[in-house]
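Below: the structure, in structure tokens.
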Amino acid sequence: MTEKIKVENLYKVFGKNPSAAIKLLKSGSSKEELLRHHKLAVGINNVSFEINEGEFLVVMGLSGSGKSTLIRCLNRLIEPTAGKVFIDGIDITTLSEEALRQKRLSKFGMVFQRFALFPHRTVLKNTEYGLEVQGVEPAVRRQKAEEALDLVGLKGWEESYPAQLSGGMQQRVGLARALALDPDILLMDEAFSALDPLIRREMQDELLALQGRVNKTIVFITHDLDEALKLGDKIIIMRDGAIVQAGTPEEILTNPADEYVEKFIEDVDVSKILTAESVMHKASAVTFPKDGPKTTLHKMKEVGLSNILVVDKDRRLMGIVSAEAASKLSRDNEKSLESIIDEDVPSVLPSASLQELFAFENFPVAVVDEQKRLKGLVVRGALLAAMAERRISG
């Protein structure tokens with residue numbers, strides 16, 4: 001995968017003589033000590049991470065953890081005290097003001113918690129604003145704005161004004177304004193926090209669907225763990241300006257780094273987050289259409305199964321065969337399994353949640369990829385064991 005953003009040893013300290021604060025931080029001084037004794041406020045403390053092109057990174061933490069400062073350092077809306085920020089391999093901390101301005105216009109789109117729409121401008125004119133600042137000619141910027149509004153589901157609302165829109169629709173305009181610039185990177189700071197819960201969930205779904213279509217690199221700031229788990233390919237959890245843990249949602253849920261992270265995740269319904277891939281067993285015993293009933297029965301006997309999955313030579317799932325049906329076929333001296341393959345096999349993708357698995361009455365459940373190739377099996381016992389291990393109520 002192509003690396004899009006790389007942050008190395010980033011610091012941001014507010015106050016006089018911030019470089020002195022970095023030396024103190026490196027020697028072990030805490031954020032509280034620097035504020036109390038030196039009147040220096042630590043925003044970012046030695047942060048490093050990487051984001052690949054098309055990834056969705058969520059940065060979360062409590063108020064004062066540094067997450068909003070971090071996102072503004074990525075495009076130098078806040079000037080870092082020390083460290084490097086690479087965008088497509090270029091360290092933007094070294095750029096001149098004009099070069100930085102061009103980089104912001106060409107690479108970044110920003111969506112904030114407050115919609116920041118101009119009340120006297122129509123939806124279309126609000127969406128065109130960034131292109132207008134760039135000096136794009138009217139016909140081109142109108143076309144790009146209309147395309148962006150269509151992407152976020154606001155086609156037909158171009159001539160409305162912000163006051164005529166719901167909160168969710170206003171936030172869509174803010175998102176369309178960012179998308180109209182066709183940026184490589186979307187920076188979203190608490191973008192949905194001001195919305196009602198139902199509208200917020202709808203916007204999360206819309207953003208995921210949109211990401212599937214436009215494949216932007218997204219850095220999303222939130223204090224809501226459920227939102228982070230739903231949206232993020234990767235999650236960074238911050239505290240006192242530093243990264244406490246970084247990883248996939250499942251890594252954070254199954255292996256929290258410390259008590260701080262444990263407190264974040266203690267109320268999460270993990271059954272909605274953990275996946276079939278995390279509880280499946282390897283499907284070591286399978287049979288093929290070429291196998292006759294006697295061979296199939298032998299395979300089942302070897303591993304103590306009463307049913308066995310049937311796959312083709314590329315391990316694409318074809319169905320399931322029962323020992324009872326295979327025995328009858330053998331007694332009838334039939335050589336082919338085709339007549340007894342039951343194609344009605346419950347199956348899920350590796351990303352299916354445990355909650356989805358509990359909806360099945362019959363087990364095992366096959367885990368298959370997008371091409372229906374068999375990846376593994378989920379048996380009821382493994383599912384219940386995973387839930388018990390993580391103290392989840394089924």
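Scanning segment 292-318 for residues that are surrounded by fewer than 17 Cβ atoms within 10 Å (Cβ to Cβ) and of a type in the set (Val, Ile, Thr) yields THR295, VAL303. Annotation note: of GLN143, GLN170, GLN102, the sole residue that is farther than 28 Å from LEU231 by Cβ, of a type outside the set (Gly, Ala, Ser) and outside the structural domain of ASN52 (by TED's automatic domain parsing) is GLN143. Within segment 359-387, the set of residues being within 26 Å of the chain's Cα centre (by Cα), farther than 16 Å from HIS281 by Cα and modelled with pLDDT under 85 comprises ALA359 only.
Per-residue answers, yes or no, for (1) outside any helix (DSSP H, G or I); (2) touching a strand residue (DSSP E or B) at 6+ places or on another chain (Cβ under 9 Å):
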| position | (1), (2) |
| --- | --- |
| LYS16 | yes, no |
| SER19 | no, yes |
| GLY28 | yes, no |
| GLY54 | yes, yes |
| ARG76 | yes, yes |
| GLU98 | no, no |
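Given the options PRO289, PRO346, PRO256, name the one that is touching a strand residue (DSSP E or B) at 6+ places or on another chain (Cβ under 6 Å) and either at pLDDT 85 or above or not polar (S, T, N, Q) (or both).
PRO346
Of all the listed residues (ARG121, ARG213, ARG141), the sole one being closer than 26 Å to ILE51 by Cβ, touching a helix residue (DSSP H, G or I) at 6+ places or on another chain (Cβ under 8 Å) and basic (Lys, Arg) is ARG213. ALA285 passes every criterion in (1) in contact (Cβ under 8 Å) with a residue 60 or more places away in the chain; (2) in the same structural domain as LEU349 (by TED's automatic domain parsing) apart from (1).
Name the residue that is surrounded by the most Cβ atoms within 10 Å (Cβ to Cβ), counting only residues in segment 233-254 that are aliphatic (A, V, I, L, M) and in a strand (DSSP E or B). It would help to see each step written out before you state the result.
Initially, segment 233-254 is screened for residues aliphatic (A, V, I, L, M), giving 235-238, 242-244, 246, 252-253.
If we keep only those that are in a strand (DSSP E or B) as well, we get 235-238, 242-244, 246.
Numbers: ILE235: 24, ILE236: 24, ILE237: 26, MET238: 24, ALA242: 16, ILE243: 22, VAL244: 18, ALA246: 19.
The extreme case among them is ILE237.
Filtering segment 132-158 to residues that are without any contact (Cβ under 8 Å) to a residue 12 or more places away in the chain and assigned to a loop (DSSP other than H, G, I, E, B) leaves GLY135, VAL136, GLU137, LYS155, GLY156.
Table: residues versus (1) touching a Cys at 6+ places or on another chain (Cβ under 9 Å); (2) modelled with pLDDT of 95 or more; (3) of a type in the set (Asp, Glu); (4) on the phi > 0 side of the Ramachandran plot.
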position	(1), (2), (3), (4)
HIS37	no, no, no, no
GLY66	no, no, no, yes
ASN75	no, no, no, no
GLY83	yes, yes, no, yes
ALA99	no, no, no, no
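Residues of segment 301-328 that are farther than 15 Å from ILE341 by Cα and assigned to a helix (DSSP H, G or I): LYS301, GLU302, VAL303. The conditions of being part of a loop (DSSP other than H, G, I, E, B), among the small types (Gly, Ala, Ser) and within 29 Å of the chain's Cα centre (by Cα) are met by ALA257. Look at (1) closer than 27 Å to VAL136 by Cα; (2) touching a strand residue (DSSP E or B) at 6+ places or on another chain (Cβ under 9 Å); (3) exposed (fewer than 15 other Cβ atoms within 10 Å of the Cβ) and you find that LYS155 fails only one, number (2). Within segment 36-59, the set of residues being crowded, with 20+ Cβ neighbours inside 10 Å, farther than 23 Å from VAL214 by Cβ and in contact (Cβ under 8 Å) with a residue 60 or more places away in the chain comprises VAL42, GLY43, ILE44, ASN45, VAL47. Note on segment 78-96: residues that are among the acidic types (Asp, Glu) and either part of a strand (DSSP E or B) or over 30 Å from ARG213 (Cβ atoms) (or both) amount to 2.
Checked against the criterion of being at pLDDT 85 or above and of a type in the set (Gly, Ala, Ser), the candidates ALA194, ALA178 yield just one match: ALA178.
The values are calculated or read from the model by the stated rules, or taken from the named source; none is laboratory data. All of these numbers come straight from a predicted model, not from anything done at the bench. Because the Cβ atoms are built from the backbone with ideal geometry, glycine has one as well, and the counts that use them run over all protein chains shown.
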